[in-house]
Amino acid sequence: MAILEVQNVSRRFGGLTAVSNVSFSVEKGEILGVIGPNGAGKTTLFSLISGFLPPNGGDVVFKGQSIVGQPPHRIAKRGLTRSFQVVQVFTDMTVLDAVTTAALLNHPMRAAIAKAEKVIDQVGLGHKALETPASLSLQDKKLLEVAKCVATEPELILLDEVMAGLTLAETQAPLKVIRDLRDAGMTFVMVEHVMPVIMSAADRMVVISFGQKVAEGSPAEIVADEKVREAYFGEEDLHD
Amino acid sequence: MKPEFFGILRSPVLWLALVFTAVLPLWLPSYYLHMATLALVYVGFAYAWNIVGGLTGQVSLAHSLFVGIGAMLASALLLRLGINMWVGMLIAALVSGMAGAVIAWVDYRFRLGHLSFALITLAFAEVGELVVLGWDFLGGASGLYLPKDQGNLQSFQFGGSSGYFWFLMLLAVLALGVNLAILNSPLGFFLRAIRGNEGAAQAVGVNVLRNKMLAMAISAVLCSLIGTAYARYLTFADPYLLASPNLTIEIVLLATIGGVSSAFGPLVGAGLLIPIGEMLRGHFGSMLPGLHYFIYGLLLVVVIIALPQGLAPAFSRLYRRFSN
Ligand SMILES: Nc1ncnc2c1ncn2[C@@H]1O[C@H](COP(=O)(O)OP(=O)(O)OP(=O)(O)O)[C@@H](O)[C@H]1O
Ligand SMILES: [Mg+2]
């Protein structure tokens, strides 16, 4: 069963069409990779799905109901959260407090704190629970982004380049978290530029170029696809 | 509620401080008792304001409106319609709470941003003052004189300076308690998240509009309650004092100097500065007109420059250094 259906979604910024008639669906329990060159419209697509931007056309159906036009907090409450490519931290809040805020979506105070502690350990930030964002490295801030998403206990998470800047070895820990959560029933849509990472993590991939979906298929099919090579691999090196 | 909250409630320091404050009227000369009462009024205002200005990080200049509603409306209801002032206090608080929620809604709907929040709240406060000054029902420019206090508690009369001290202390403690309770409950997390980053707060399911409205409403209700009691203490509901945006500026200054991000900032700010201001007036007020304002202003500037985080964080740093 498809948990998310994106139907002919478009978004224009002035004269620029950042997302153009994009359609795809996400099955429950899968990890869908989204790739595409810089400026292809991936982040914009996430904003359209999560309610941060209204689309100019098309529909987004989550768990059988249209969520277009709903505010982000209501979409989060329904079970769909996103991370931000440009990390968005709560200044002045410790890691624990920030993740607790997210856990409060579905838990009362004490249970939320306990949930937050668990998630922070899970993503490997346990020893930094009482630090504020100012003292965190970019990588840790990205893990914090993941922890906030996970703590809301969503059914679908949109992760926007949470592993950018990590070495291949460093991606293993967050990848394991994602796989474990997937095994527990969560669904992921991931944007990632690091090819080996997304290739190994994703069950299926969607390729976006100039706002349009140009290919869809298994990682192996995607690597072999002519259009993808043209749009993507042709113009930049694999590690961006 | 976070367990820490109950820890604070059980803290002996808190109870000692409360008892110490509560026995002040038993020995303090009346001039100083008046000073202490004023300090309590402003501690209460500063805590009420801090819910919006500190926790949510929105510099509100609307708060004289809520104090004004509490003072002028409750007094007018008594004098014009014979409504018991306890009831008037609650009606005014309700009106203030709704006004606060509406102002927060207007700000959010029109997405006015940080600076604009200050400006639009100021506009509401200015309009409020004009309404009071122009509407005879609320006393107009000459204000409202309340009947002489005959010690009748049922009529909202507290029978002398000790009674008012204790009642205003109760309200100040209420404002402090509400702050601590919010800080340690989901609302406090939501407000701090909103202060930190609205978009990120929404992404994890925080209803920004609802929480901002709630914060503003709670803050307004507290200001209004204290406003009613303050007017009764002064036996004169003076619009130029109680409905003037200048009052908000004072409150903002006290909270800022105490430290907005600290739970005890408003207490330290108002608790220290109001008595200092009054004493300066006592000493220098008759020497040269305006001299005490000048000294007071200079003092504030020095504190703001030297301790941009406020007095309370500086004190707690000192305390930690000595206890180590
Ligand atoms: N708020 C906005 N206003 C105007 N233009 C925008 C806005 N957001 C994105 N764009 C433009 O839309 C296009 C798509 O941007 P988007 O950030 O979605 O790309 P992306 O695929 O996420 O790129 P990257 O890989 O660099 O993150 C870009 O040309 C970008 O400049
Ligand atoms: Mg992007």
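The values are calculated or read from the model by the stated rules, or taken from the named source; none is laboratory data. All figures in this text were calculated on a predicted structure; none of them were measured in a lab. When we count neighbours, we look across all protein chains shown, and the Cβ atoms used for this are built from the backbone with ideal geometry, even at glycine. Keep in mind that these areas ignore ligands, DNA and RNA; they rest on the heavy atoms of the full protein, side chains included. Shrake-Rupley method; radii C 1.70, N 1.55, O 1.52, S 1.80 Å.
Observations on the structure shown:
- Qualifying residue in the range B:140-147 (condition: open to solvent by less than 40 Å² (accessible area, probe 1.4 Å), part of a helix (DSSP H, G or I) and on the phi > 0 side of the Ramachandran plot): yes
- Of the helices (runs of 4 or more DSSP H) entirely within the range B:238-324, those holding at least 2 residues that are within 20 Å of residue B:67 (Cβ to Cβ) and out of contact with any Leu (no Cβ under 8 Å at 6 or more places or on another chain) occupy B:239-242, B:245-258, B:265-284.
- All positions within the range A:122-138 that are within 18 Å of the chain's Cα centre (by Cα) and either within 14 Å of chain B (Cβ to nearest Cβ) or over 20 Å from residue A:181 (Cα atoms) (or both): A:138
- Qualifying residue in the range A:152-162 (condition: within 16 Å of ligand 2 (Cβ to nearest atom), out of contact with any Phe, Trp or Tyr (no Cβ under 9 Å at 6 or more places or on another chain) and acidic (Asp, Glu)): yes
- In the range B:93-104 there is at least one residue matching the filter, namely being over 21 Å from residue B:139 (Cβ atoms), without any contact (Cβ under 8 Å) to a residue 60 or more places away in the chain and either surrounded by 15 or more Cβ atoms within 10 Å (Cβ to Cβ) or of a type in the set (Val, Ile, Thr) (or both).
- Contacts under 9 angstrom Cβ, first residue in the range A:97-110 being touching a residue at least 24 places away in the same chain (Cβ under 8 Å) and part of a loop (DSSP other than H, G, I, E, B), partner β-branched (Val, Ile, Thr) and open to solvent by less than 20 Å² (accessible area, probe 1.4 Å), 6 or more apart: A:105/A:81; A:105/A:152; A:105/B:204; A:105/B:206; A:106/A:152
- Strands (runs of 3 or more DSSP E) contained in the range A:1-77 and holding at least 2 residues open to solvent by less than 30 Å² (accessible area, probe 1.4 Å) and within 16 Å of ligand 2 (Cβ to nearest atom): A:16-27, A:31-35
- Residue A:208 being under 25 Å from residue A:5 (Cα atoms), more than 16 Å from ligand 1 (Cβ to nearest atom), in contact with a strand residue (DSSP E or B) (Cβ under 8 Å, 6 or more places away or on another chain) and not in a helix (DSSP H, G or I): no
- Here is the figure for the range A:206-216: residues that are of a type in the set (A, V, I, L, M, F, W, C) and within 16 Å of ligand 2 (Cβ to nearest atom) total 4.
- In the range A:89-111, of all residues being buried (at least 19 other Cβ atoms within 10 Å of the Cβ) and polar (S, T, N, Q), the one that is farthest from the other protein chains (Cβ to nearest Cβ) corresponds to A:100.
- Test: residue in the range A:40-54 that is within 20 Å of residue A:12 (Cβ to Cβ), assigned by TED's automatic domain parsing to the domain that holds residue A:193 and away from ligand 1 (no atom under 16 Å from the Cβ): no
- Scanning the range A:211-240 for residues being assigned to a loop (DSSP other than H, G, I, E, B), within 15 Å of ligand 1 (Cβ to nearest atom) and modelled with pLDDT of 75 or more gives a total of 1.
- Just one of the listed residues (B:235, B:256) is over 30 Å from residue B:316 (Cα atoms) and open to solvent by 10 Å² or more (accessible area, probe 1.4 Å), and it is B:235.
- Residue B:306 being on the phi < 0 side of the Ramachandran plot, at pLDDT below 90, open to solvent by 20 Å² or more (accessible area, probe 1.4 Å) and of a type in the set (A, V, I, L, M, F, W, C): yes
- The residues of the range A:205-229 that are over 20 Å from residue A:44 (Cα atoms) and either of a type outside the set (Val, Ile, Thr) or not assigned by TED's automatic domain parsing to the domain that holds residue A:63 (or both), listed by number, are A:217, A:218, A:219, A:220, A:221, A:224, A:225, A:226, A:227, A:229.
- A count restricted to the range A:96-122 and to residues that are in contact with a Gly (Cβ under 7 Å, 6 or more places away or on another chain) and not β-branched (Val, Ile, Thr) stands at 1.
- Qualifying position, being aliphatic (A, V, I, L, M) and more than 13 Å from the chain's Cα centre (by Cα), among B:254, B:247, B:241: B:241
- Checked against (1) at pLDDT 95 or above; (2) within 16 Å of the chain's Cα centre (by Cα), residue A:74 meets all criteria but (2).
- Residue in the range A:78-93 that is assigned to a helix (DSSP H, G or I), at pLDDT 95 or above, under 18 Å from the mean Cα position of the chain (by Cα) and within 16 Å of ligand 1 (Cβ to nearest atom) present: no
- Just one of the listed residues (A:189, A:146) is under 13 Å from the mean Cα position of the chain (by Cα), buried (at least 17 other Cβ atoms within 10 Å of the Cβ) and not in a helix (DSSP H, G or I), namely A:189.
- For the range B:21-30, the tally of residues that are closer than 19 Å to residue B:277 by Cα and either surrounded by 16 or more Cβ atoms within 10 Å (Cβ to Cβ) or in contact with a helix residue (DSSP H, G or I) (Cβ under 8 Å, 6 or more places away or on another chain) (or both) stands at 2.
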